Amino acid sequence: MMKKLIYLAFLSLCLFLATFILGNNPLISDASEELFWFTCIGLLSIYSAKYVSNKFLMGAWVFFSFGLLLDLLDELIPSEVLPILVFDTSIKNIGLILTSFVLYNVIHDERKLVEKLNFEIDKRKKARRKVKL
């Protein structure tokens, strides 16, 4: 039930922002593309949260999502009103770098695990051959 509420709240926020964007500018603007990416990464983060055990990866995704949100708000609110908006691209880039770093480490750890498992399989095969002789 809580998961559905989170989805609904997130989608409501995105729909509100879409309405605000289209209300300010009837032509499709940069903000609509940013809203699309924010919605995609937000839903991906919410959906995959229960499957991802690496909390650092989730933190990196949230950081990236925050950068996307600031990028979206940058189109709607002047940076004089909300000075943190000038850091939107930097926060997105840091989030992307953190995500890439975590994924690299996950892949590296998985490769080590596969190597260990292959070594164990080879060891057992050799032991079986010895027992059969």
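The values are calculated or read from the model by the stated rules, or taken from the named source; none is laboratory data. Note that the coordinates shown come from a computational prediction; the quantities given were computed from them, not determined experimentally. Surface accessibility is based on the protein's heavy atoms, side chains included, excluding ligands, DNA and RNA. Shrake-Rupley method; radii C 1.70, N 1.55, O 1.52, S 1.80 Å.
What is segment 55-132's relative contact order, in percent, from Cα pairs under 8 angstrom and six or more apart in sequence?
34
Leaving out ligands, DNA and RNA, what percent of the accessible area of segment 28-133 is carbon and sulfur, probe 1.4 Å?
The C+S portion of the solvent-accessible surface of segment 28-133 is 66 percent.
So how much slack lies between S32 and K116, counting 0.36 nm per residue of separation and subtracting their Cα-Cα distance, in nm?
Fully extending the segment from S32 to K116 adds 25.5 nm.
Over the Cα atoms of segment 54-133, how large are the radius of gyration and the largest Cα-Cα distance (Dmax), in Å?
Both quantities, over Cα of segment 54-133: 23.3, 81 Å.
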